[in-house]
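Visitor: Dropping the structure in here first, questions after.
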């Protein structure tokens, strides 16, 4: 796990990202978190097609596109509707911004670039800390299932340090600058996360306060496993699962079909189709008999096109021949029947689970029941439930065709991550989140925090 000398670069008081110019001349040096004159923090992150995505700590967000006159104009959330916000940047060296008519300056952060080894594979990471000498908590950011570079894309690596919480971000194996082959082997990824936490400890030195994991989606299986293998102080799971992968897909299909208005007898057939598609994955693309049977039986049914789920749709949109040809692309070593409950029951680390009621990719109903059962057994879990949030803890609009377009992050969601990382305590209300906290944290969280909604 030792830092590899030729990869290690300590950068103190870093103000900007490397001055890279994208294809349309957009300087990446504008990427960073800025303190505005009104006290708010806004983060500018890279996005697709030479655009930027801005995010405020209250959850508001939009995409910035530069028009023909060089003016950066924002659109609301992930929609294409203008929101009347314009943004201008100073030159790269100065690091100033005018956001919606309010001036601001880039927040200087202490950054250390690094690399470390796990199971012989070189992983590349970065520790980002608030400036100063005092001790601060650190959140090690654990990946979901994405193939993209966390070093490039994770905005929490800046937004948390801007709010006083250090962040250690790294490219998981097979992505970005890290070596190895992409995998969804949770045990191996947990060992990588253990190595990442160890590396963050070494880099932080005397400034280290408490340290733990923040994980989204698939990371909800990985981070608790890693925490049981090392000395973490906390785990924050966002839109994760306490069921296995097959159950996840079945729950996802059921939720989506129910919200489309299908009756129970149709949903039962859809789940049968999904189970056949899941079998193809489980068999390493060797068993197609059940899927062929389901296709012959139901493919002409009007509801068949709406069977989606989290995994099934990958199978249903391709022929058997296409699937066999693509089998190697999906050789991810997915532990389809991994049961997270023994790991969660063995945990002594305080955990915060933040879940959404409209999450198609990681349906929350059974996970909520299981987390509450752990709490009933006296384990130090806290549950936050946003009834209207989908995967990623975003709110959304629904188009006429039933498709969703995200508009913002749930109010209070980012503040909740910061507060729990700071000291494991939640104070007051966090938007419309329903909080269920263990008894020992009631006093710290305020009166009647358990099973209530805040404004």
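Visitor: Could you tell me which of the residues 382, 367 is part of a helix (DSSP H, G or I), under 24 Å from residue 432 (Cβ atoms) and under 23 Å from the mean Cα position of the chain (by Cα)?
Guide: Sole residue among the options that is part of a helix (DSSP H, G or I), under 24 Å from residue 432 (Cβ atoms) and under 23 Å from the mean Cα position of the chain (by Cα): 367.
Visitor: Further question on the same structure: With the structure loaded, tell me whether residue 79 is under 21 Å from residue 42 (Cα atoms) and surrounded by 15 or more Cβ atoms within 10 Å (Cβ to Cβ) or whether it fails that test.
Guide: yes
Visitor: I need the full set of residues from region 19-46 which are outside any strand (DSSP E or B) and modelled with pLDDT under 90, in order please.
Guide: Selection gives 19, 20, 22, 23, 24, 25, 26, 28, 29.
Visitor: Do we have residue 278 as in a helix (DSSP H, G or I), within 30 Å of residue 213 (Cβ to Cβ) and modelled with pLDDT under 80 here?
Guide: no
Visitor: Which ones in region 400-417 are in contact (Cβ under 8 Å) with a residue 60 or more places away in the chain and either exposed (fewer than 15 other Cβ atoms within 10 Å of the Cβ) or touching a helix residue (DSSP H, G or I) at 6+ places or on another chain (Cβ under 8 Å) (or both)?
Guide: Across region 400-417, the qualifying residues are 402, 414, 417.
Visitor: Also, quick follow-up: Just the residues that are surrounded by fewer than 20 Cβ atoms within 10 Å (Cβ to Cβ) and touching a helix residue (DSSP H, G or I) at 6+ places or on another chain (Cβ under 7 Å), please, taken from region 366-378.
Guide: Correct list: 366, 370.
Visitor: Of all residues being outside any loop (DSSP other than H, G, I, E, B) and within 29 Å of the chain's Cα centre (by Cα) in region 289-308, which is surrounded by the fewest Cβ atoms within 10 Å (Cβ to Cβ)? Just the residue, please.
Guide: Checking each candidate, the answer is 305.
Visitor: Looking at (1) modelled with pLDDT under 90; (2) part of a helix (DSSP H, G or I), which is the only condition residue 286 fails?
Guide: (2)
Visitor: Please state which of the following conditions residue 233 fails to meet, knowing it meets all the rest: (1) in a loop (DSSP other than H, G, I, E, B); (2) buried (at least 22 other Cβ atoms within 10 Å of the Cβ); (3) in contact with a strand residue (DSSP E or B) (Cβ under 8 Å, 6 or more places away or on another chain).
Guide: Result: residue 233 fails condition (2) only.
Visitor: Inspect region 334-349 for any residue being touching a strand residue (DSSP E or B) at 6+ places or on another chain (Cβ under 8 Å) and not in a helix (DSSP H, G or I) and give the result as yes or no.
Guide: yes
Visitor: State whether one or more residues within region 385-399 are outside any strand (DSSP E or B) and without any contact (Cβ under 8 Å) to a residue 12 or more places away in the chain.
Guide: yes
The values are calculated or read from the model by the stated rules, or taken from the named source; none is laboratory data. Not measured: the values here are computed from a predicted model. Neighbour counts run over all protein chains shown; Cβ positions are idealised from the backbone, glycine included.
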